[in-house]
Amino acid sequence: MLDRLINAVDSCPYGMASGRKHKHVAGAANSRPPLYTAEEKARRDATPWTLVQGILAPVQFLVFMVSVGLVIRYLGSGEGLAWAEGSIVLKTSLLYTIMITGCIWEHEVYGKYLFAPAFFWEDVFSMLVLALHTAYLAALFTGWGDTHFQMWLALAAYAAYVINATQFVLKLRAARLQAEAA
């Protein structure tokens with residue numbers, strides 16, 4: 001029943017890459033296609049952008065963890081506003097960097113800068129993450145809302161970031177398990 005509901009609202013142009021059976025293919029297999037073809041895997045392993053992504057992702061996560069602590073500290077005590085704001089700006093700068101380099105990586109591996117079938121939904125959600133972080137920057141630099149509103153906006157951006165990071169981790173873990181099984 002859940003599969004029928006998802007298929008009814010699934011607007012992804014890449015049905016199999018999203019992990020769902022294509023509704024127009026009778027008897028489609030339940031197994032997901034591999035994340036990388038042999039050629040894509042060779043391109044992934046050859047591009048320096050893979051290493052860049054591998055370094056930026058944990059750095060961004062570390063800055064995120066520190067920033068969450070600083071934001072919560074400010075919201076709880078009213079202290080450390082400059083540190084909290086600075087950490088959010090740094091986190092957002094890292095997000096932009098990882099998004100730009102990720103687009104280059106995706107182009108080198110899949111031939112598309114964004115929305116390659118293998119990472120379609122992760123890229124879609126990344127746009128929400130980017131929009132929320134950008135909204136925070138706009139609020140900060142234009143003075144829109146008070147500082148508490150801005151901090152809560154940053155936390156909303158961070159919640160979206162956690163969901164998006166989880167999407168990527170689960171996708172890469174599934175690909176690793178699939179490769180090990182093959």
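The values are calculated or read from the model by the stated rules, or taken from the named source; none is laboratory data. It should be emphasised that the depicted structure is a prediction, and the values quoted were computed from it without experimental measurement. All Cβ positions, glycine included, derive from the backbone under ideal geometry; neighbour counts span all protein chains shown. Surface areas here come from the heavy atoms of the whole protein model, side chains and all, with no ligands, DNA or RNA. Shrake-Rupley method; radii C 1.70, N 1.55, O 1.52, S 1.80 Å.
Within segment 81-112, restricting attention to residues that are aromatic (Phe, Trp, Tyr) and more than 13 Å from the chain's Cα centre (by Cα), which residue is surrounded by the fewest Cβ atoms within 10 Å (Cβ to Cβ)?
83
Filter segment 25-46 down to residues that are open to solvent by less than 50 Å² (accessible area, probe 1.4 Å), closer than 24 Å to residue 107 by Cα and not charged (D, E, K, R) and give me whichever is modelled with the lowest pLDDT.
It comes out as 35.
From 144, 121, grab the single residue that is in a helix (DSSP H, G or I) and either open to solvent by 60 Å² or more (accessible area, probe 1.4 Å) or under 25 Å from residue 77 (Cα atoms) (or both).
Values: 144 fails: in a helix (DSSP H, G or I).
None of the others qualify; the one that does is 121.
Is at least one residue of segment 47-55 at pLDDT 90 or above, of a type outside the set (Val, Ile, Thr), exposed (fewer than 13 other Cβ atoms within 10 Å of the Cβ) and within 19 Å of the chain's Cα centre (by Cα)?
Scanning segment 47-55, I find at least one residue that is at pLDDT 90 or above, of a type outside the set (Val, Ile, Thr), exposed (fewer than 13 other Cβ atoms within 10 Å of the Cβ) and within 19 Å of the chain's Cα centre (by Cα), so the answer is yes.
Inspect all residues belonging to segment 8-21 and state whether any of them is modelled with pLDDT under 90 and in a helix (DSSP H, G or I).
Yes; the residues of segment 8-21 include at least one that is modelled with pLDDT under 90 and in a helix (DSSP H, G or I).
List every residue pair whose Cβ atoms lie under 8 Å apart, where the two residues are 6 or more positions apart in sequence or sit on different chains, the first residue falls within segment 62-80 and is free of Cβ contacts under 8 Å to residues at least 12 places away in the same chain and open to solvent by less than 30 Å² (accessible area, probe 1.4 Å), and the second residue, located anywhere, is of a type in the set (D, E, K, R) and in a helix (DSSP H, G or I).
80/73
Between a residue in segment 94-118 that is assigned to a helix (DSSP H, G or I) and any residue that is surrounded by 16 or more Cβ atoms within 10 Å (Cβ to Cβ) and of a type in the set (Ser, Thr, Tyr), which pairs come within a Cβ distance under 6 Å, given they are 6 or more apart or on different chains?
108/47; 117/14
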